[in-house]
Amino acid sequence: MQRLTRLLLACTWLLASGLAVAGDTTDLDRQARHLWYDGILSGYQALAREAQTFARVAGDYCQAPEQTTLAQVRDAWQRAFLAWQAVRFVDFGPVENDNRAWQFQFWPDPKNLVARKARALLTSGAPVTREQVEQGGVAVQGFPMAEYLLFDDAFGTSDQALPATSSCALLTAVAGHIADNSQQLLADWQAFRPHYLDTAQFRDTTLRAGVAALEILEERRLAQPMGLRGTGKRSVYVADAWRSGRSLAGIEASVRGLHQYFFPGLALLLEHSDQPELGPWIDAQFGEVLEHFPALRQPMAPLLAPEGHFGALQGLYVDLSQLAVLVNDQAAVALGVVRGFNSSDGD
Amino acid sequence: MKTPFRPAPLALTVAAVLTVGCTHTPWSKDTAAPVTKADVVEHYADLAYANYQDALTTARALDEATDRLIANPTDANLEAAKQAWLAARVPYQQTEVFRFGNTIVDDWEGQLNAWPLDEGLIDYVKADDYQHELGNAGATANIIANTRINVGGETIDVSNLTPELLANLNEIGGSEANVATGYHAIEFLLWGQDLHGFELGAGERPVSDYVTGAGCTHGHCDRRAQYLDAVTDLLVSDLEWMVDQWAPGHDDNYRAQLLAADANDGVQKMLFGMGSLSLGELAGERMKVALEANSYEDEHDCFSDNTHNSHYYNGQGIQNVYTGSYRRVDGRLVEGPSLSDLVRQTNPELDARLNAQLEASMKALGLLKAKAESSQAPMRFDMMIAPGNAAGAKIVNGAIMALVEQTGSIEQAAQELGIEALSPDDAGHSF
């Protein structure tokens, strides 16, 4: 049985190679862009769907808190947030419009702007309007603001805790904004199709997006809270989604998103490069990273504590670093991707 | 690259926009021999040397002005100290382009220019208007009011405020926001917290904060004076060290190392410094974050409201490195073989474009500066980034876009000069 599978795999491999040899690089690149386009499309569809659900459930809860529970809203938030994590690597195309990526998730937020902005909106007296959210800047508009309202410990025990009228108004306005943004992003991505498929430059742009996302995952989302870079201090606050304890679940979702939506196009290009062995290695390494889950789908803070199970994070970090080396150093070089300055160079 | 979408301010790849109108006069126009990379790197070291010397001279003037303030705390002396601080920022901000790429500078500069800082580590703050870094155990330690502080379980004796002690207190408790030294700590000691939010107005520390005896306000005036004295002394000695690193005629300083290495490495550092400051740091961290989040917490010179000048002179530093020219604080012009000369030898069109883009970004930053300094209706950076201020956002975005455009050409210049990988040695910045 196993031998048969292997044989079948080998056949597909040959078939695929044969196809590409027949065409030229341009065709191959176009095929890769097709794979990426479709992958990202399904990712954006999932985000639009989950964000819609989140907005609906938040609305239901605020209308009739006795019928819909806070746990249900939190669950809907998490699904939408994780759907966003899966497509967060896309840093080009319509997500660039009006800083949509930051509108979905303003991060990092070392100065706790989210809480500060929430306090300012909620203490003004009048119920928060949708327009205030539209005008309120990226710290008001996205998943972290909703997360603050739904999960923050101090806020949850204050007299403004959900389902207080003003907090509910803010929650539904933010959820509505996220849902509309997701819907618009999907529509724009669909309109973007011919341009993406016809523009050769998007091969490198897409490859760079995957590379940058892996770097951010390894360095900023994992090494930094673990205290492995910067000042060397462990701090959960520099991770994202610490209020909901979903930092690691978010990492998992981003890695899955990269595997599902980014890897197929990369694999196709590698298959026809000088280093065809890289594709299966990278695939296997994605598997190594994902093997840490669902066991590691837990809040990061206890793992960072002195008596915590830090080793579990180290294991994930090692596997994620190896994945980053394979993709960012080896594959990118094999595919001749020249890296330029990027927007996260600062400190 | 033409897309149906408006390109984002910080797109990874940058559309190269062809512009004309170059005003830069090439240094080598009268010289017959072509400029070499080694010439250009050597002149780069000269520029850095001149620039750090100016930073040192103006820091000494600041040190003297604060000494006078401490000896005789009058409004006039406080104002003179503030003016000296503002003057010291002019050369220092131009040196920031040397920071990225030259690890020796990057490792050193945190003690001089780290931001944003949790000022409650240093002195009193108004509690309900003070937002510090999450999880920072030292954010309210108040060194001035205490002879012992406890940060994250560690007790430290701070009874004697010396430059060495302050240097050791930087990043105490593992938090980058614990900035005990440098320009911004001095800025806080001179201006105090800016409690005006998005409205016009900077910090308003009363001079009586330095009056000893009965007239002292907010307590501990003698320790505040001691702190200011130590922190300005430290700034001077730090800058002395950096000037030495770039001085000619030594065989064991950084300049000697840089000139002994492959000239391509030097050219790479120059371009890396220009691009990193231009895109990631200035356009990104210092402008876009503050603008898009409407966050005056992310304003660079938040106590003095001098952010427009910090940005302007950062931009000037980038242009200096490309054109090989630097206007010293005494008015003299330092000129020599430049990256511009090198690029022009093989690709005059690219050189003209990049020069025009550098001019354009200086014009955009100049507008930001002019609006902020307008005598009629000043709009400071923290007002420009207020929610709903479309006119302000337009000015900031104009500067961001100009910096993004020039970064695209900086990448092309690197390719033109055969610099394959635009990555730093070891600066810890991601690419």
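Read-outs throughout are calculated quantities, based only on the coordinates presented, and are distinct from any laboratory measurement. Only a predicted model underlies this, so the values are computations on that prediction, with no experimental measurement involved. Cβ placement follows ideal geometry from the backbone for every residue including glycine, while neighbour counts extend to all protein chains displayed.
Which ³J(HN,Hα) values, rounded to whole Hz and listed in residue order, are derived for the range B:179-191 from phi using the Karplus coefficients 6.51, -1.76 and 1.60 in 6.51 cos²θ - 1.76 cosθ + 1.60 with θ = phi - 60°, glycine and proline given as x?
9, 9, 10, x, 4, 6, 5, 5, 4, 5, 5, 8, 9
Fewest first, what order do A:195, B:43 take by the number of other Cβ atoms within 10 Å?
Final ranking by Cβ density, sparse to dense: A:195, B:43.
In whole Hz, what ³J(HN,Hα) sequence does the range B:345-361 give by Karplus (6.51, -1.76, 1.60; θ = phi - 60°), x for Gly and Pro?
With the stated coefficients, the range B:345-361 comes to 4, 10, 8, x, 5, 5, 4, 4, 5, 5, 4, 5, 5, 5, 4, 5, 6 Hz.
Relative to the first principal axis of the alpha-carbon coordinates of chain B, what is the inclination of helix B:37-71, with its axis defined by its Cα atoms, in degrees from 0 to 90 and to the nearest 10?
So the helix axis and the longest Cα principal axis differ by about 20 degrees.
Roughly how crowded by other chains is peptide B:274-281, in terms of the mean Cβ count from those chains within 10 Å of each of its Cβ atoms?
The per-residue average across the peptide is 4.
Whole percent per 20 Å bin, from 0 to the bin with the longest distance: what is P(r) over all C-alpha pairs of the protein assembly as shown?
Once binned at 20 Å, the Cα pair distances of the protein assembly as shown give 15, 47, 32, 5, 0.
Considering Cα pairs under 8 angstrom that are at least six residues apart, work out the relative contact order of chain A and quote it in whole percent.
The value is 22 percent.
What order, most packed first, do the peptides B:171-181, A:277-287, A:201-211, A:54-64 have when packing is the mean number of other Cβ atoms within 10 Å of each residue?
Highest-to-lowest ranking by the protection proxy: B:171-181, A:201-211, A:54-64, A:277-287.
Tell me, in nm to one decimal, what length is gained between residue A:75 and residue A:184 on full extension, where the rule is 0.36 nm per residue of separation less the Cα-Cα distance?
Extra length available between residue A:75 and residue A:184 comes to 36.9 nm.
Please give the residues of the range B:294-309, grouped as numeric ranges, whose backbone N is less than 15 Å from a label point set 7 Å along the Cα-to-Cβ vector of residue B:391.
none
For chain B, just list the percent of Cα-Cα distances falling in each 20 Å bin from zero outward, please.
26, 56, 18, 1
Over the range B:322-431, calculate the relative contact order: mean separation of alpha carbon pairs under 8 Å at least 6 apart, over the residue count, as a percent.
Over the range B:322-431, the number comes to 22 percent.
Hull surface divided by four, with the convex hull built on the Cα atoms of chain A: how many nm²?
Reported value for the Cα convex hull: 19.6 nm².
If you rank A:317, B:254, B:227, A:148 by fewest surrounding Cβ atoms within 10 Å, what's the result?
Final ranking by Cβ density, sparse to dense: A:317, B:254, B:227, A:148.
Among the lysines, select those whose C-alpha is under 17 Å from the C-alpha of residue B:394, and discard any that sit fewer than 8 residues away in the same chain.
B:288, B:363, B:369, B:371
Using 1/(1 + (r/R0)^6) with R0 = 56 angstrom and r between the beta carbons of residue A:63 and residue A:329, what's the FRET efficiency to the nearest 0.05?
FRET efficiency, residue A:63 to residue A:329: 0.60.
Going by how many other beta carbons lie within 10 Å of each one, how would you line up A:119, B:255, A:88, A:100, fewest first?
A:119, A:100, B:255, A:88
Percent relative contact order of the range A:201-338, based on C-alpha pairs within less than 8 angstrom and at least six residues apart?
It comes to 30 percent, rounded to a whole number.
Over chain B, with a Gaussian network built from C-alpha contacts below 10 Å, which listed residue (B:168, B:77, B:320) shows the highest mean-square fluctuation?
Residue with maximal mean-square fluctuation among B:168, B:77, B:320: B:168.
Anyone know which of B:129, B:118, B:46 comes out most mobile in the 10 Å Cα GNM of chain B?
B:129
For the range A:201-338, count the residues as N, evaluate 2.2 N^0.38 Å, and divide the Cα radius of gyration by that value, please.
Dividing the Cα radius of gyration by 2.2 N^0.38 Å gives 1.08.
Work out the charge dipole of the range B:140-287 with +1 on the Cβ of Lys and Arg and -1 on the Cβ of Asp and Glu about the Cα centre, then indicate which of B:192, B:216, B:172 is farthest towards its positive end.
Highest projection toward the positive end goes to B:216.
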